[in-house]
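Values in this text are rule-based calculations from the coordinates and carry no lab data. Please read all numbers here as calculations on a predicted model, not as lab measurements. Counting neighbours? That spans all protein chains shown, and the Cβs are built from the backbone with ideal geometry, glycine included.
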């Protein structure tokens, strides 16, 4: 089972989108401000939240086109799942197709994470369009799990 | 394939959430301001957007607990899919578990609709918590399809 999303950033180049997904400064601008690690292929990036830590191994980097991660640390439901960001230009927009694939059950946490991913991807869009996202701890609350 | 989401509205009763999902005034407050039709079981509710119209037959109404719709008019990918809102109280929140089930393919439109559903469910949360949602045509743009 997969979580799917799509956002489009106006007047942002594919390279700018790729940069926001593949540099520590970029990632700190939309997902969590406490991001450390190695963003090269084979490296592990650690994303820290109040509620816990997520560790992603970078699996695929195709500049301006595609970023792929696999979850190597974090909530049990996340371990081994994969994250993919497919990037393309379309008129005045750069589009990101997002897939968080490999959930084994449609647990309530999957419902929560799906809504929360939308919030963070809209934060990515805001970062690219306006220069400022809303990364954790400034992210929008969706429910009692935050 | 299903789109899943979860939102929680603070200090809103299950009855208030149910009302926002089962009355024309409620639906106009968070999804689209141009909503007409019959909200009883077996009735059809028509939701009008700039881009087109969606018609839902009301399949299930369990007051304060559950609302179920089936899509009888709208985009080809939507026809025959089902929408379910499961409602429950949890501490200071009323939780809504949302499922848009029965997509046959993970098409780009499914990615778009997943992000857009998050936007509208956060509009529902805002309506319940603050008295004002952001229904179409005042909804948040997510991409070039709006």
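Helix content alone sets the calculated 222 nm mean residue ellipticity of the protein assembly as shown: runs of n ≥ 4 DSSP H residues at -39500 (n - 2.57) each, divided across all residues, give -8000 deg cm²/dmol.
Distance between the pseudo-spin-label points of residue A:59 and residue B:41 (7 Å out from Cα toward the beta carbon): 4.5 nm. Report, in degrees rounded to the nearest 10, the 0 to 90 angle that the Cα long axis of helix A:108-130 makes with the longest principal axis of chain A. Here the helix axis deviates by roughly 20 degrees.
At an R0 of 35 angstrom, the distance between the Cβ atoms of residue B:25 and residue A:132 translates into a FRET efficiency of 0.45. Residues of the stretch B:24-39 with amide nitrogen under 16 Å from the 7 Å Cα-to-Cβ point of residue B:50? Once the point is set 7 Å along Cα→Cβ of residue B:50, B:32-34 turn out to lie under 16 Å by backbone N, inside the stretch B:24-39.
Hull volume per residue, based on the alpha-carbon atoms of chain B and their convex hull, is 93 Å³. Label point of residue A:1 set 7 angstrom out along Cα-Cβ; within the stretch B:1-16, amide nitrogens under 18 Å from it belong to B:1-8. Among the residues of B:5-17, the average count of other protein chain beta-carbon atoms within 10 Å of the residue beta-carbon is 3. For the segment B:34-41, counting C-beta atoms of other chains within 10 Å of every residue's C-beta and taking the mean gives 0.
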